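A short reminder: the numbers here are calculations on the coordinates, not readings from a lab. Keep in mind that what you see is a predicted model, and the values were worked out from it rather than measured. All Cβ positions, even for glycine, are placed from backbone atoms using ideal geometry, and neighbour counts span all protein chains on display.
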Amino acid sequence: MSAVVIINRHTGDIGNDVNDITVENTVANQIDEHQSDAISSSNPIPIPRGIEINYSYWVSTRLTVVTAPANIINNVRWYTNGAVLNTGVLTLVQIANIGNNNGYRQATSAIQLNTTNHTGLIDEPVDASSITYDSPFILSGSISGTGAFSDFIVYQIEVTSSALSGVTASTIFYWAFDET
């Protein structure tokens, strides 16, 4: 039997508020809580004036195995469909390593980039539209049983003064892995 793997969004002070977002549209906005597409108009990211930039709270996602694989799951990859949200709106993405003193950190502010107070991030944030099937993020993590595994994918929406009012376009995030 094949493994059952879900995508979880972690929120809260220690990341124990976990929501399965495997088949759901989710929203990044200006609070640290899970919000589905049905309530996406709550706490929007305002369009700034002048040279200012506004951000969403970052969103932390990670894979969890619900039904164990026959052997092992490894070779975890993450990528997008390459879509750009809208003029003046970017999705910035980074990997948060699952090693010692890394991984999940609660989002504490929407006025700054991840790197300001998230100590577990690898490298600088990149535009998610550049992470595609042909050039995916390669994540650490393998598992032969059940439970959370893999690095976290942490993303944040950046809005500049050139953004247009209203709901932005969407992009699709993909998680891939090998199961043997």
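Per-peptide packing, taken as the mean over residues of other Cβ atoms within 10 Å, places 161-173, 43-55 in the sequence 43-55, 161-173 from highest down. Less than 5 angstrom separates the built amide H of TYR174 from those of TYR79, THR80, all sequence-distant by 5 or more or on a different chain. Summarising the label geometry, the points placed 7 Å from Cα in the beta-carbon direction at ASN71 and ASN97 lie 2.9 nm from one another. Coupling constants for the stretch 129-142 follow from the phi torsions by the Karplus curve (6.51 cos²θ - 1.76 cosθ + 1.60, θ = phi - 60°), and in residue order they are 5, 8, 9, 10, 3, 6, 8, x, 6, 9, 9, 6, x, 8 Hz; glycine and proline get x. Estimated from the Cβ-Cβ distance and a Förster radius of 35 angstrom, the FRET efficiency linking ASP127 and GLU179 is about 0.70.
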